[in-house]
Structures are given as C-alpha cells and as structure tokens.
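Below is one structure, written out as structure tokens; the observations come after it.
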C-alpha cells in the first residue's frame, strides 16, 4: 500500500502572494490540484499537510479524490511531515512538495521502484554548475559527487518514522526527509530526477515557461475589373511578403499592405499570449490602418508580447502561392523577421499547392505561422 504526503503547510512568503502559493492559480487551476492529479493514480491514500487558515479552501480541492484528506501541519516542514507520518497506513510513503506541480509519471514510478528495490528513493539531479562552500572558508567540492535534491522522496514507512522520532528528540534542524533518513537511518538511494520538476518559489515561477501560438491568413489576388471599378484597393504591380516587395502581375486585395505571412505571424503571437486576433487590434474598418505597413504593426505586437514578460524562442512561417516565385526572396524575408522578432531562430518556407484549389488556381496567397515563446527571466 502506498501513502503520499503532500507538503502544503508553508506560507510561501518569497512568492510575495496574498495567499498560500499552493492555492494560487497555475494554468487554470490551483497549484495543489496539479500535484494531486499527478499522484492520484499511484496512491492508496493522499494526506495533504495544510495550515488551519487554508483548510476551508483545501478541502473542496480534495473532493474529486476519495483517497485524499487534509491534516493540519506544523510550524516547520519537519513538524508537518512528522504529524502526518503518524497517521498514514501505507508501508511505502512518498513525500512531495505540493509546490512542485510539474512532477512526471516517470519520476513517480522511478521513486516507487527505488523504494521497492532499495528501501528508499530520493529524486535528485547531478550538479551542472560549480558549487562553492563558503562556511569556514571557500571550498569547491568535486562536482561529480554533488547533487541537487528534489521531491518526491520515497521510503519504507517504518524506518522513516523511526528516523523522524529520533530527529524530533534531537532538536536538530533539517530541510528535507532525505537528510533525516541519512542522519538517523542510512544513506538513501538516489534516482535521477527531472529538470522540469522545479519548485515554485518566486512569483516569476508561476508564468508558464513556454507558450505556443498559431496563426493563419489568406488574401485574394485582385481582378482587373475590380481594380477598374474601384472595388480592389490599388492597381499595383507588386505584393509585400515579410516586408519584402516582390514583383507581381497582380496585387493582393487588402486594407493594409496585404502582408499575408506577417498577418499570420501576428495572430500566432497574439494567440500565444492569450490576446484576440489582429482583426480586433487593427480592424480593417479603421482608416488609420489603410495601407498600413504590416512590419510596423508586427513591432506593436512584439511590444505586447514583451510587456507580458515573454520573448520569441523560435518562429516558423510557411507561404503557399502559385506565383510569383518566392525562393529568391526567402533569405531577405528571414532577415526581416529575425530583426523584428529579435531572434535568429526563424524559418520561412514557400511552396505551391500543386495547381489545386484557390491557391493552385492562382486566386490567392495563404500563410501559416507558429511561434514558441519563452518567459523572460525575473530576478527574485
């Protein structure tokens, strides 16, 4: 039988939030719910150590999980885990920081397997940076033997409880369960963790690390009779794609300059930050945007992206049209977009539609764009 303890009794003061961080929204639901749903398939019982003042909000979150219940925590993490350990019934216990909502099934399964094989399983990552010890001087231990410890940490319940009882009697301070187990039982077995399994500590940690956006746009080629009758915008002998002016026997119908791939790219960026599309922000009913430079509008969208704390990690644009031939202009298109998006990771592709449909018949141009945004690093 497997028991899970979710540590959720801290105050999370470093996050500078008006509430316990495990109750704060993360991608549409409280942080605690992410951890609950991750462990529910593996747990016979889940005990959530929480504060008395948080209990009215925690209890409704446990309702979908019949094996879950709340237990009042203590003043420290050690106090909380000890209080809950005395109430569990499983012969294996997994202890996890509820503020680590990105734990994966593989990490949980590896933790259980390690306990079954070795009696303990502590999630850890090898240190990749140089580690410096400044207590009593300045020392740099060998990196090969240095690990950063995560959760979950799993143990056979009986020896862990015995170790905790000795720790409580000793009055020593510990930051996690592995330290107590190592001090009063035996060195725990480490298994490889996951860099994504980070603990939410500062407010910047609550922003998704990455966001994906998608956009698509189409413009039709103007017919000469429409131009003659004043229905189409202008009788131009070029089209503009990614800010590049390209000779063409027909212009594109558009209120702005008709830069199809840039319009698709703007929609992709706006969708990634949860904003409405370019038709909302730059309506074709507004004379201000008559013959507007789409690259200038893209710069305004980028200001919105950066104001939300994101940057472009990469972007991909595909343009479909039968004519004119675009391959000679691809590199200039990429250069323009790289400069506008402030990243070198930009791909531009062009192709025909093999004479099929409105594109193949030469009636218009369609472009699709995808973007990957990253969260700007924030100083705590």
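Residues 180, 92, arranged from fewest to most other Cβ atoms within 10 angstrom of their Cβ, appear as 92, 180.
Label reach from residue 113 (point 7 Å along Cα→C-beta): in region 67-106, amide nitrogens under 16 Å belong to 104-106.
Please give the residues of region 257-295, grouped as numeric ranges, whose backbone N is less than 16 Å from a label point set 7 Å along the Cα-to-Cβ vector of residue 238. Hits in region 257-295 for residue 238 at 16 Å: 257-260, 291-295.
Here's the picture: a label point sits 7 Å out from the Cα of residue 44 along the beta-carbon direction, and within region 68-98 the residues with their amide nitrogen under 11 Å of it are 89-93.
In this entry, the chain is assigned a mean projected area of 25.6 nm², taken as a quarter of its C-alpha convex hull surface. Any chance you could give the angle, 0 to 90 degrees and rounded to 10, that helix 105-118 forms with the longest Cα principal axis of the chain? Around 30 degrees separate the two axes.
Once the chain from residue 331 to residue 308 is taken as fully extended at 0.36 nm per residue, the excess over their C-alpha distance is 5.3 nm. Straightening the chain between residue 27 and residue 86 buys 17.8 nm, computed as 0.36 nm per residue apart minus the Cα-Cα spacing.
Expressed to the nearest 5 percent, the antiparallel share of DSSP beta bridges inside the chain is 60 percent.
Its convex hull of Cα atoms gives region 238-327 a direction-averaged projected area, equal to a quarter of the hull surface, of 6.2 nm². Counting every other Cβ atom within 10 Å of each residue's Cβ, 135, 275, 169 order from fewest to most as 135, 169, 275. Full extension of the chain between residue 55 and residue 280 gives 76.7 nm of extra length, using 0.36 nm per residue less the Cα-Cα distance. So what is Rg over Rh here for region 2-206, counting just Cα atoms and using Kirkwood for Rh? Expressed as Rg/Rh, it is 0.96.
Dividing the convex hull volume of the alpha-carbon atoms in region 316-380 by its residue count gives 90 Å³ per residue.
Residues 359, 5, 203, arranged from fewest to most other Cβ atoms within 10 angstrom of their Cβ, appear as 203, 359, 5. Placing R0 at 41 angstrom, the Cβ-Cβ distance between residue 11 and residue 345 gives a FRET efficiency of 0.55 after rounding to 0.05.
Checking the a/c ratio against 1.5 first, then a/b against b/c, what shape does the Cα gyration tensor give for region 1-71? It is prolate, given that a/c is not under 1.5 and a/b is the larger ratio. Normalised by 2.2 N^0.38 Å, where N is the number of residues, the alpha-carbon radius of gyration of region 210-375 equals 1.01.
Read the figures in this text as sums done on the coordinates, not as results from a lab. Note that the coordinates shown come from a computational prediction; the quantities given were computed from them, not determined experimentally. So basically every Cβ, Gly included, is an ideal-geometry build from the backbone, and we count neighbours across all protein chains shown.
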